[in-house]
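Remarks on the structure that follows.
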Amino acid sequence: MQCASGEQCSVREGVRGCHKQEGSCTVKPGAHLKSFDAMEGKIASGGAFEIAALCDRGSAEWFRVVVDVRLCVKGSLAAAVTVYAFFDDTMIAVNNEHQTWVNGKQVALPQKLKNELSIHISDKLVIIEKKSAVRVSYSVTQEVTVAVSAHLAGRTCGACGNFNGDGKDDMVTAGGKISVSVSEIIDSWRAKDFSGCGL
């Protein structure tokens, strides 16, 4: 048996077969986003963007990741200055100095939280993890990576797409409009619960 690209041979529920590997989406300095399904583009302007979430808000595995992208120093690259991760009744914020807050209270790392949530530092990364669901890493170079477990394939929303292996159907705005502009798609995922300048 040979597995396709993006799959691995493994045993699930007692059956050996080809299974989708975990998906990852990145936001790199320069505001460059690469979706779970390899759609790529730039975040055209600063602000807070919902990059990934589990669409089913009622699921015990629900999560939401918002990245605040800004140009802080003239002549530098726009980059993620703060990462926000939401899980049921827990909100985690990590800034570009790797200072970390849980539900508004600053904490020292590592932290083990309820519902299989943890935050720790490894190789110059702050890693926020919900066991068997999602891992968010934020590097000292201001790169953010969201990795989701294979069993969540096709169940994600946000600028990172739906993680179904088809990058073409990521070309849809948050409102469901088909677009040829990756920047327009990413811009449609602005986090409305974060303040902005308005129109």
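The values are calculated or read from the model by the stated rules, or taken from the named source; none is laboratory data. Note that the structure is predicted; figures quoted are calculated from it, not measured. Here the Cβ is made from the backbone with ideal geometry for all residues, glycine too, and neighbour counts use every protein chain on show. SASA here: full protein model, heavy atoms, side chains in, ligands and nucleic acids out. Shrake-Rupley method; radii C 1.70, N 1.55, O 1.52, S 1.80 Å.
Just to be sure I understand the model, the point goes 7 Å from the Cα along the line to the Cβ. What's the resulting TRP101 to HIS32 distance in nm?
Computed distance between label sites TRP101 and HIS32 equals 3.1 nm.
GNM, the chain, Cα, under 10 Å: largest mean-square fluctuation among ALA52, ALA150, ALA159?
Among ALA52, ALA150, ALA159, the largest GNM mean-square fluctuation belongs to ALA150.
If we count GluC sites (Glu not before Pro) as exposed when they sit in a DSSP loop and have at most 10 other beta carbons within 10 Å, what is the longest stretch of the chain that avoids them all?
Free of exposed loop sites, the longest segment is 98-199.
Distance from a point 7 Å along Cα→Cβ of GLU7 to each backbone N in the stretch 146-172: keep the residues under 13 Å and list them by number.
In the stretch 146-172, the label zone of GLU7 (backbone N under 13 Å from the point 7 Å along Cα→Cβ) covers 165.
Could you sort LEU109, LEU152 by accessible area so the largest value comes first, with the probe set to 1.4 Å?
LEU109, LEU152
Cross-link list LYS131/LYS168; LYS34/LYS177; LYS20/LYS168: which exceed 26 angstrom alpha carbon to alpha carbon?
LYS131/LYS168
Tell me the mean residue ellipticity at 222 nm calculated for the chain from its helices only (DSSP H runs of n ≥ 4, each -39500 (n - 2.57), averaged over every residue, nearest 500).
-500 deg cm²/dmol
Kindly provide the trypsin sites (Lys or Arg not before Pro) of the stretch 145-199 that DSSP labels as loop, not H, G, I, E or B, and whose Cβ sees at most 15 other Cβ atoms within 10 Å.
For trypsin sites (Lys or Arg not before Pro) across the stretch 145-199 that sit outside H, G, I, E and B with at most 15 neighbouring Cβ atoms in 10 Å, the list reads LYS177, LYS192.
Take GLN21, project a point 7 Å from its Cα along the Cβ direction, then tell me which residues of the stretch 150-167 have their backbone nitrogen under 15 Å from it.
Only 150-151, 165 pass the distance filter.
Please enumerate, by chain and number, the aspartates and glutamates with C-alpha under 15 Å from the C-alpha of LYS114, excluding those fewer than 8 residues away in the same chain.
Qualifying aspartates and glutamates at Cα under 15 Å: GLU61, ASP88, ASP89, GLU129.
With every protein chain present, what is the per residue accessible area of the chain (1.4 Å probe, Å²)?
54 Å²
What number, in percent, do you get for the relative contact order of the chain if the mean sequence gap of Cα pairs under 8 Å and at least 6 apart is divided by its residue count?
On the way: 422 pairs, mean separation 44.5, N = 199.
With pairs under 8 Å counted, the relative contact order is 22 percent.
At what distance in angstrom do the alpha carbon centres of the stretch 8-37 and the stretch 129-199 lie from each other?
The stretch 8-37 and the stretch 129-199 have Cα centres spaced 14 Å from each other.
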